[in-house]
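Structure first, then comments.
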Amino acid sequence: MTTAPLPDPEEVCGPLVLTAVEALQGGRPLAQLVRWVSPELYERLTAAAAAPDGSPRRRITVLRTLVCRVDERTAEGSVVVHDGTRVRAAAVRLEAHRGRWRATVLEIG
């Protein structure tokens, strides 16, 4: 039995960080990340997430993504986003899990 190759981790980093920033600001349900992050990281994000309050949100934009493959099953990326007010940097570690990438570490500045 052969396993399919993992997708390009750069295609995962930007959207994952974008979704996380939106969820942390209360503009998106955090549950949308449950499949893409480790259980430990999901718990940390849940503790930090703002409750949705119905107020309009500014558009968050990914400005730049840079990914470095550590090995075949691990990648680390940096993502720069503009959250509508300021530019923020994020660092993410992706690890292979059941044929796809899953974030195990996410730090957003």
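The values are calculated or read from the model by the stated rules, or taken from the named source; none is laboratory data. Everything numeric in this text was worked out from a predicted model, so none of it was measured. Cβ: placed from backbone, ideal geometry, glycine included. Neighbour counts: every protein chain shown. Only protein heavy atoms, including side chains, enter the accessible area calculation; ligands, DNA and RNA are left aside. Shrake-Rupley method; radii C 1.70, N 1.55, O 1.52, S 1.80 Å.
What are the ³J(HN,Hα) couplings of the stretch 100-106, residue after residue, when phi is run through the Karplus curve with 6.51, -1.76, 1.60 and θ = phi - 60°? Round to Hz, x for glycine and proline.
9, 8, 9, 6, 10, 9, 8
Using θ = phi - 60° and the Karplus curve 6.51 cos²θ - 1.76 cosθ + 1.60, what whole-Hz ³J(HN,Hα) does each residue of the stretch 82-95 get, with Gly and Pro shown as x?
With the stated coefficients, the stretch 82-95 comes to 10, 8, x, 10, 8, 8, 10, 10, 9, 10, 9, 10, 10, 10 Hz.
For the chain, compute Rg over Rh where Rg is the Cα radius of gyration and Rh is the Kirkwood radius from the inverse mean 1/r over Cα pairs.
0.99
Using the charge dipole of the chain (Lys, Arg: +1 at Cβ; Asp, Glu: -1 at Cβ; taken about the Cα centre), state which of Gln25, Gly77, Trp101 has its Cα farthest towards the positive end.
Among Gln25, Gly77, Trp101, the one farthest towards the positive end of the dipole of the chain is Gln25.
Round to a whole number: what % of the accessible area of the chain belongs to carbon and sulfur, probe 1.4 Å?
Details: 3560 of 6770 Å².
Whole-percent figure for carbon plus sulfur exposure: 53.
So how tilted is helix 10-24 from the main axis of the chain? Cα-based, degrees 0 to 90, rounded to 10.
Approximately 30 degrees, to the nearest ten.
How large is the helix-only mean residue ellipticity at 222 nm for the chain, computed as the sum of -39500 (n - 2.57) over DSSP H runs with n ≥ 4, divided by its residue count, in deg cm²/dmol to the nearest 500?
Numbers: 2 runs with 25 residues, N = 109.
Taken over the chain, the calculation gives -7000 deg cm²/dmol.
Which ³J(HN,Hα) values in Hz, rounded to whole numbers, follow from the phi angles of the stretch 28-42 under the Karplus curve 6.51 cos²θ - 1.76 cosθ + 1.60, where θ = phi - 60° and Gly and Pro get x?
8, x, 5, 4, 5, 9, 4, 6, 9, 10, 5, x, 5, 5, 4
Counting only heavy atoms of the protein chains, get the accessible area per residue of the stretch 31-109 (1.4 Å probe) and round it to a whole Å² value.
I get 65 Å² per residue for this part.
How large is the dipole of the chain about the Cα centre if only Lys and Arg carry +1 and Asp and Glu carry -1, each at its Cβ, rounded to the nearest 20 debye?
280 debye
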